[in-house]
Amino acid sequence: MALAAGAIVGTWFWDVPNDHLTVDEALARAFGLDPALAHRRLQLHDVLGAVHPDDLPGLVAAIEHAVQHGGRFAHQYRTQDAEGGYHWLESIGRVDLDEHGRATGFPGVLIDISERLRVQAERDEAQALLRSFVEAAPGVMYAKDRQGRLLIGNNGATELIGRPPSEYVGRTDAELLGDAAQAAAVMATDERIMASGRSEQLEEEINFADGRRAWWLSTKAPLRNGEGEVIGLVGTSLDITDRKSAEAERLDIEERYRLAAQATNDAVWDWRMADGHVVWNEALSSLFDHNLMETSAQWWLDHIHPEDRDRIDHNIHGVIESDGTTWTGEYRFRRADGSYAAVLDRGAVLRDADGRPLRMIGAMLDLSGRKAAEAALAEGEERLRLATEAGELGLWDLDLVQNILLWPPRTKAMFGISSDADVTIEDFRAGLHPDDRAATLAALDASADPQRRANYDVEYRTVGKEDGIVRWVAAKGRGIFEAGRCVRMLGVAIDITARKAADARLHELNEQLEARVRAEVAERMRVEDVLRQSRKMEAVGQLSGGIAHDFNNMLATVIGPLDLLALRIGDSDARAVRYIEMALDGAQRAAQLTQRLLAFSRQQPLQPVALDVNHLVAGMTDLLVHSLGSSVILETVLGGGKWWTHADANQLENVILNLAVNARDAMPGGGRLTLQTSNRKIDLADVAEHGGIPAGDYVRIAVTDTGSGMPAEVVARAFDPFFTTKPVGQGTGLGLSQVYGFVQQSNGHVRLLSTPGAGTTVLVYLPRLLAEVDALPMPATDAAPLSGGGAEQILVVDDDAAVRAFSVDALSELGYQVLSADGAASALLLLQAHPGIALLFTDVVMPGVNGRQLADQALARHPHLKVLFATGNSRNALVDDGVLDAHVQLIGKPFTIGELATRVRAVLSAEH
């Protein structure tokens, strides 16, 4: 036993009654004595002087006890050798007693146990380091004895089991798990591994006694002693419950996705690797106008934008040719019309049992659907989490006594240092990002502080020493303390750069999505406001147009007869002439009111021409100056590089004059009116800046005054029909409504900008005429002196007897031969009976067959017949979207005999 415990370095025999101590030379040297003394008789106190002062009292007490009681003696202590150094010894002996119980002899041996104690101290230190490493390691680590009882577990094991070590150390799985059958299965697995002596990795479903259920991914191996005998089992386990749940959820989602694919509007595709064919759903047609259900993979690749094609081709084949399962790509995809759509495409590779790719199924999504992007990002984060759990960790070990830092290659890589380079603590400090250095070092100091002993758990950035790359690192660790001070720190670190980038990307996507939602909501509200205004104006316009039509017929029976009466009376009765003129003036003002109603309701037929707005505005200057008066200064600013537009010149003049008069009324004390023309190209990005006007090229007319301006509530209603802020009797409320109606009828847009006290600006946008045009003369007005008639025969058709009677009298007065009819049926009979009729003069709006239909039938039978239409409302009969057909001749009700004479003569004289 002594030889097993250490080396024997001396022997002694002590004659206790005579206090004679006999020793050998080795013992003398161990006690720092002259070896020559070994041949002399010594006393006990001669050798006790070499014993360490701290150990001497205990040794003396042990000797006295042995002498008094006899029997075996053993004691450990330190002695000083001749060089002055101390070493550990163990004395082992036996005290013999006589029949009276008195000690007679005390022989023994001296054993050097210094090496044994040193080895034991190193073992204790190694065990402490091992426990510290186990506690700092992520995941679950544990050890069991041969009977399956837990011997040790780290913090991860404690968290996973849900009990402190005091409640699970020494207990088996049968005692910890709630399911006896399951516990038996786990213990059977452990027994199989210990019996076979081979390690295994397996998934285990665990039911705990508290009702919790979990899945573990366990790696287990036999635990052996120094002789290689299996004495237990060690293992590591990861809780993969979340991963298993995610897998089950993924399978469920895939099944629901498969069922929903038939109804989705996303372009779902199924690529068969064997023959290279791709099958699509109907969305390929509805989204991109490709009327195909099956294509080749090359067809899909050819429709990717050339700048994106190589990248997408490389990425998707990289997934297929590796063991990857999913692919995601953003690129531009060509529609059938040649334009490109930005898409987010995702696919999943389906493989056989050997990992060979069979099919790839995916969906092409519009990038506006941010949910798809978020799902892809969540999938990336899940992959990052699983990678972290798989143990992509770097270790670190800092010896604070010798100031030595140990890093394996993985940890060095996190600081941009080559795997074979030496590192010091200065490399750690210098490698920290300047913004994170103070906080990280403070956390390290707190962990090394004996008073706080805080857990070291930090995230920080590093700047690569050799590559300059900034990385994110998460680190955990703890300190090891001896004699009240931290002598060592060790722990783990992991590169979390990818996770940080993913977080930033998700935040960016969320911000983009929120911004897009806000923009789309605002745009929808704006469009709804425009639609409500348009419907309101349309409804009031329909009512106003109907009123104007009936009123025009009434005015026709007033103005026409008055005009005839004036011709008959001549200058013979001045008073009668004055009365007639007063009546005509009132009737003409009423006619102007109906024209405004028709303009507002967009039922006034337009005669658009290629129009130079600069030329039109310049020609109106004198009229505007006269209309504005001396208190208002007119300034015209004509833009260069003029564009042409397609509009009714007379009506556009009325619009400008109307706006100028409104501006004059807003400046009762005088001011400045600026009339400006310019070209405006509105891109998609500029739509909001121009109040939502669609993108395109426009000729813009801006009318700006320095008047009182309008509050927001007045601006909102300014275009409403009959709305006016002027006193009763000073305005009809139709001025801006007429402007709105004309601009809308001309396919243009109008905006009103005003601030109280800062004046008003009305902006009229008319579409640019893109066709090549030559300078055209301004259309002539209808004003002309009364011209003579002729001998031609004219057929008058009108369902209103009074209007018909006036037309017959007026044409007869002009010398024409006149026939009349009250409708289409009688008119066609008269045309058949009188083939000499040269002109059909017909009302447009009549019950049954209208004027346009009558003219069509008449011309079919009499191709050389001339036609002149008369109407107070030609909506849908003679016009196409409010624009008068080029070949149609029209005179509007009410009309004077002079206007009738001029118009009839022009139609009859025109070439057929």
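The values are calculated or read from the model by the stated rules, or taken from the named source; none is laboratory data. This is a predicted model, so every value here is computed, not measured. Glycine also receives a Cβ, built like all others from the backbone with ideal geometry; neighbour counts cover every protein chain displayed.
Beta carbons closer than 8 Å, at least 6 apart along the sequence or on distinct chains, pair a first residue in the range 314-332 that is under 17 Å from Q298 (Cβ atoms) with a second that is acidic (D, E) for G329/D345; Y331/D308; Y331/D345. Among strands (runs of 3 or more DSSP E) entirely within the range 275-363, having at least 2 residues that are under 26 Å from the mean Cα position of the chain (by Cα) and in the same structural domain as L251 (by TED's automatic domain parsing) singles out 326-334, 340-351. For T594, the conditions (1) crowded, with 21+ Cβ neighbours inside 10 Å; (2) at pLDDT 85 or above; (3) not acidic (D, E) all hold with the exception of (2).
All of H912, H887 fail the test of being under 24 Å from N747 (Cβ atoms) and either modelled with pLDDT under 80 or touching a Cys at 6+ places or on another chain (Cβ under 7 Å) (or both), apart from H887. Considering H52, H69, H39, the condition of being closer than 21 Å to D15 by Cβ and modelled with pLDDT of 90 or more is satisfied by H69 alone. When the range 676-701 is filtered for residues that are among the hydrophobic types (A, V, I, L, M, F, W, C) and in a loop (DSSP other than H, G, I, E, B), the ones remaining, listed by number, are V687, A688, I693, A695. State whether the residues of the range 398-418 include one that is outside any strand (DSSP E or B), among the charged types (D, E, K, R) and surrounded by fewer than 19 Cβ atoms within 10 Å (Cβ to Cβ). Yes: the range 398-418 contains one or more residues that are outside any strand (DSSP E or B), among the charged types (D, E, K, R) and surrounded by fewer than 19 Cβ atoms within 10 Å (Cβ to Cβ). Applying the criterion of at least 3 residues that are at pLDDT below 85 and touching a His at 6+ places or on another chain (Cβ under 9 Å) to the strands (runs of 3 or more DSSP E) found wholly in the range 94-193 leaves an empty list. Among residues of the range 792-815 that are outside any loop (DSSP other than H, G, I, E, B), those with a beta-carbon under 8 Å from a residue that is among the basic types (K, R) at least six positions away or on a different chain give the pairs V796/R804; V797/R804; V803/K893. For the range 727-755, the set of residues classified as within 16 Å of M710 (Cα to Cα) and either part of a strand (DSSP E or B) or at pLDDT 80 or above (or both) consists of R751, L752, L753, S754, T755, listed by residue number.
The residues in the range 741-774 that are exposed (fewer than 15 other Cβ atoms within 10 Å of the Cβ) and either out of contact with any Ser or Thr (no Cβ under 9 Å at 6 or more places or on another chain) or of a type in the set (A, V, I, L, M, F, W, C) (or both) can be counted, and the count is 7.
One line per residue, one yes/no per condition, for (1) assigned to a strand (DSSP E or B); (2) in contact with a Pro (Cβ under 9 Å, 6 or more places away or on another chain); (3) surrounded by 21 or more Cβ atoms within 10 Å (Cβ to Cβ); (4) without any contact (Cβ under 8 Å) to a residue 60 or more places away in the chain:
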position: A827; (1), (2), (3), (4): no, no, yes, yes
position: L830; (1), (2), (3), (4): no, no, no, yes
position: T842; (1), (2), (3), (4): yes, no, yes, yes
position: L854; (1), (2), (3), (4): no, no, yes, yes
position: Q857; (1), (2), (3), (4): no, no, no, yes
position: A860; (1), (2), (3), (4): no, no, no, yes
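In this structure, R250 does not qualify as at pLDDT 90 or above, of a type in the set (D, E, K, R) and surrounded by 12 or more Cβ atoms within 10 Å (Cβ to Cβ). Listed by first and then second residue, the pairs linking a residue in the range 668-685 that is free of Cβ contacts under 8 Å to residues at least 12 places away in the same chain to a residue that is loosely packed, with under 15 Cβ neighbours inside 10 Å and assigned to a loop (DSSP other than H, G, I, E, B), with Cβ atoms under 6 Å apart and 6 or more places separating them unless they lie on different chains, are L684/A695. When A758 is tested against (1) modelled with pLDDT of 85 or more; (2) in a loop (DSSP other than H, G, I, E, B), exactly one condition is not met: (1).
Condition check ((1) of a type in the set (G, A, S); (2) touching a helix residue (DSSP H, G or I) at 6+ places or on another chain (Cβ under 8 Å); (3) at pLDDT below 95) across all residues:
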site	(1), (2), (3)
A443	yes, no, yes
R452	no, yes, yes
G477	yes, yes, yes
E482	no, no, yes
M489	no, yes, yes
Q512	no, yes, yes
R516	no, yes, yes
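Here are some residues: P57, P17. Which one is farther than 27 Å from V119 by Cβ and assigned to a helix (DSSP H, G or I)?
Details: P17 fails: assigned to a helix (DSSP H, G or I).
After applying the criteria, what remains is P57.
Within the range 448-476, the residues that satisfy the criterion of being surrounded by 13 or more Cβ atoms within 10 Å (Cβ to Cβ), basic (K, R) and either over 32 Å from the mean Cα position of the chain (by Cα) or assigned to a loop (DSSP other than H, G, I, E, B) (or both) are R453, K465, K476. Scan the range 520-536 and give yes if some residue there is at pLDDT below 90, in contact with a Phe, Trp or Tyr (Cβ under 8 Å, 6 or more places away or on another chain) and part of a helix (DSSP H, G or I), otherwise no. Checked against the condition, which is being at pLDDT below 90, in contact with a Phe, Trp or Tyr (Cβ under 8 Å, 6 or more places away or on another chain) and part of a helix (DSSP H, G or I), the range 520-536 yields at least one hit. Taken together, R243, R192 contain a single residue that is more than 26 Å from S132 (Cα to Cα) and in contact (Cβ under 8 Å) with a residue 24 or more places away in the chain, which is R243. Within the range 637-675, the set of residues being in a strand (DSSP E or B), among the β-branched types (V, I, T) and at pLDDT below 90 comprises just one member, V637.
For G619, the conditions (1) out of contact with any strand residue (DSSP E or B) (no Cβ under 8 Å at 6 or more places or on another chain); (2) on the phi > 0 side of the Ramachandran plot all hold with the exception of (2).
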